[in-house]
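A.B. asks: Handing you this structure, nothing more for now.
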Amino acid sequence: MAFSLLPKLTPCIFFLVLLSSTCFTSTDAYDPLDPNGNITIKWDVMSWTPDGYVAVVTMNNFQRYRHITLPGWYLRWTWAKKEVIWSMMGGQTTEQGDCSKFKGGVPHSCMKNPTVVDLLPGTPYNQQIANCCKGGVLSSWVQDPSRAAASFQLSVGRAGTTNRTVKLPTNFTLEAPGPRYTCGQAKIVRPTKFITPDKRRVTQALMTWQVVCRYSQFLTHKTPTCCLSLSSFHNNTIVPCPTCSCGCRSNSSQSGKCVNPGTPHLASFVSGFGKNEFSPTVQCTNHMCPIRVNWHVKLNSEKYWHVKITITNLNYRMNYSDWNLAIQHPNFDHRTQVSGFTYKLMTPYASINDAAMLWGMKSQHNDVLIQAGPNGKVEGDVVFRKDKATLRFDKGWAFPRRIYFNGDTCIMPPPSAYPF
């Protein structure tokens, strides 16, 4: 009897395996706190040339709390035919490639798979276009929409010269420090319309296509980069970050180099670890995380309760500019006062209001989290109004459900370790 059932079960098992693999590929870029967040890359063909076209490429960061920091974004694609880039403004390719076949003017790039980067601030004006030259830095949409876009212009040769003969590039890849992205295929959309400065005339691109890239948790850091510690006025116990949250001290290949704070000539010692200034060199701890967030329940009164949030940079090689925290806690809809941070509710779903975003204030000079050392931390306070129907300090309710630093999930202590 057992053997007679196998032929009937095999198709079901195959279907379940196929279904699970399908779900994996379709949800690898889903973010529950920002379900519609993406980076949209749009190509606008502005004019035709004798052997191709001139296009303006614009990247818009529509993510609410994920941003791109230094050293900036890298955009790569594959040409459909034998296209070349004659010239660029507002950006440049990292390699020229083999242009030996060209006897006259030499193209900017002859690569089949060009990689484009942003130009640096201070680039001469005759090489700039609008929204360029920020070193590849893109702000999140919530923090600063005016800095959430980047653009560059390129003149493409050996390409089609009409809407019917142009072939769309393929295999788009967007790389950035920290979060990683998966990009879909280029799709032709309605031509972009432009309003003249006097707002009296509307023009439009000759042809437009766009690519949508989404954050992928499966392509991000090999190890976590942030952890959470907990403390409270009603318990003397400080719950530290879980051991080996971001790696173990005994495994330098996983967690990177670490340095004890009391090391003599610390600056020269850190600089001697290698030329890549973006590879982490962290303070030696049991958790080995570059970033530690502490959530301290500071005060409990009849109508309000008070939390102090401290973010400590334990990375000797990184200043985190325009950092942000995304926090899930069921009492954020009863927030009454925030000091030391800029604050905005995220409300990813209309019926759920349990997530908020915090970031630094330029006026208080805490928008940059300085590298590890005496000044390598920022602090702020949040005051909540009590909801007596749900508030239960003895059940660990006062602590967050989840915290993200710059889009990366912070490793949290297990609920059994909370200071009840």
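The values are calculated or read from the model by the stated rules, or taken from the named source; none is laboratory data. On a predicted model such as this, the values are computed, not experimentally measured, just so you know. Don't worry about glycine lacking a Cβ; one is built from the backbone with ideal geometry, like all the others, and counts go over all protein chains shown. To get the accessible areas, we keep the full protein, side chains included, count just its heavy atoms, and leave off ligands, DNA and RNA. Shrake-Rupley method; radii C 1.70, N 1.55, O 1.52, S 1.80 Å.
A.B. asks: Compute the accessible area per residue over the stretch 38-215, keeping the other protein chains in place, probe 1.4 Å, unit Å². Please list the in-between numbers first.
C.D. replies: On the way: 8760 Å² over 178 residues.
Ligands and nucleic acids excluded, the result is 49 Å² per residue.
A.B. asks: With the calculation restricted to Cα positions, what are the radius of gyration and Dmax of the stretch 63-137 in angstrom?
C.D. replies: Using the Cα atoms of the stretch 63-137, the pair Rg, Dmax is 14.1, 49 Å.
A.B. asks: Round to a whole number: what % of the accessible area of the stretch 38-215 belongs to carbon and sulfur, probe 1.4 Å?
C.D. replies: Numbers: 4530 of 8760 Å².
Carbon and sulfur atoms account for 52 percent of the accessible area of the stretch 38-215.
A.B. asks: Exceeding 19 Å between C-alpha atoms, which entries from my cross-link table qualify? They are 103/167; 134/193; 167/187. List each step's numbers first, then the result.
C.D. replies: Numbers: 103/167 26 Å; 134/193 25 Å; 167/187 11 Å.
Correct reply: 103/167; 134/193.
A.B. asks: Also: How large, in Å, is the stretch 38-215 by the Kirkwood hydrodynamic radius built from its alpha-carbon pairs? Mind showing how you got there, number by number?
C.D. replies: On the way: mean 1/r = 0.0598 Å⁻¹.
For the stretch 38-215, inverting the mean 1/r across all distinct Cα pairs yields 16.7 Å.
A.B. asks: Could I ask something else about it? Give, in nm to one decimal, the length gained when the segment between residue 345 and residue 94 is fully stretched (0.36 nm per residue of separation minus the Cα-Cα distance). Don't skip to the answer; put the middle values down first.
C.D. replies: Numbers: separation 251, 0.36 × 251 = 90.36 nm, distance 3.94 nm.
Gain in length upon complete extension: 86.4 nm.
A.B. asks: In addition: Among residues other than residue 296 whose Cβ falls under 12 Å from its Cβ, what is the net charge (Lys/Arg +1, Asp/Glu -1)? Intermediate values should be presented prior to the final figure.
C.D. replies: Details: positive: 298, 308; negative: 379, 381.
So the environment of residue 296 carries a net charge of 0.
A.B. asks: Given a Förster distance of 41 Å, report the FRET efficiency between residue 236 and residue 363 from their Cβ-Cβ distance, rounded to the nearest 0.05.
C.D. replies: Details: r = 36 Å, r/R0 = 0.87.
The value I calculate is 0.70.
A.B. asks: Could I ask something else about it? Would you mind computing, in nm to one decimal, how far apart the modelled labels at residue 202 and residue 127 are, each placed 7 Å from Cα along Cα→Cβ?
C.D. replies: Rounded to a tenth, the inter-label distance reads 3.7 nm.
A.B. asks: Something else about it: How much of residue 302 can a 1.4 Å solvent probe reach, expressed as accessible area in Å² and rounded to 10?
C.D. replies: The accessible area comes out at roughly 130 Å².
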